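**Student:** One structure coming up, written as structure tokens, with questions to follow.
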Amino acid sequence: MTHYHIRWSGKDLLDWQRFNTPEEAKARARQLVRLGETYTIEEHDDDACPRCNPAPNAKSMHGSFIEARA
């Protein structure tokens, strides 16, 4: 199913909130936008959405991972 996210300027991640229509996303973005900030509305499919499904090829979200620290 297609849905929409707000991408705020200067942010790598999409906003957490998802919307059913681009109009809903635009209306919410207009309410939240800060002075000097910009945004885009991005359309995503549920299976390929980097925010809703960040690891589509992972077998389990409880699998092992390696944490790197500087």
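**Student:** Just to be sure before I move on: is Arg18 surrounded by 11 or more Cβ atoms within 10 Å (Cβ to Cβ), of a type in the set (Lys, Arg) and touching a strand residue (DSSP E or B) at 6+ places or on another chain (Cβ under 6 Å) in the structure I sent? Quick ask: steps written out before the conclusion?
**Tutor:** Values: surrounded by 11 or more Cβ atoms within 10 Å (Cβ to Cβ): yes; of a type in the set (Lys, Arg): yes; touching a strand residue (DSSP E or B) at 6+ places or on another chain (Cβ under 6 Å): yes.
Yes.
**Student:** Hey, can you tell me all the residues within region 26-44 that are at positive phi and in contact with a helix residue (DSSP H, G or I) (Cβ under 8 Å, 6 or more places away or on another chain)? Outline the logic, then answer.
**Tutor:** Initially, region 26-44 is screened for residues at positive phi, giving 36.
None - no residue of region 26-44 is at positive phi and in contact with a helix residue (DSSP H, G or I) (Cβ under 8 Å, 6 or more places away or on another chain), so the list stays empty.
**Student:** OK, next. Starting from region 8-20, take each residue that is more than 13 Å from Asn53 (Cβ to Cβ) and basic (Lys, Arg) and list its partners that are in a loop (DSSP other than H, G, I, E, B) and modelled with pLDDT of 95 or more, counting only C-beta distances under 8 angstrom and pairs at least six apart or across chains.
**Tutor:** From region 8-20, no pairs qualify.
The values are calculated or read from the model by the stated rules, or taken from the named source; none is laboratory data. A quick note: this is a predicted structure, and the numbers were derived from the prediction, not measured. Positions of Cβ are generated from backbone atoms using ideal geometry, with glycine treated the same way; all protein chains shown enter the neighbour counts.
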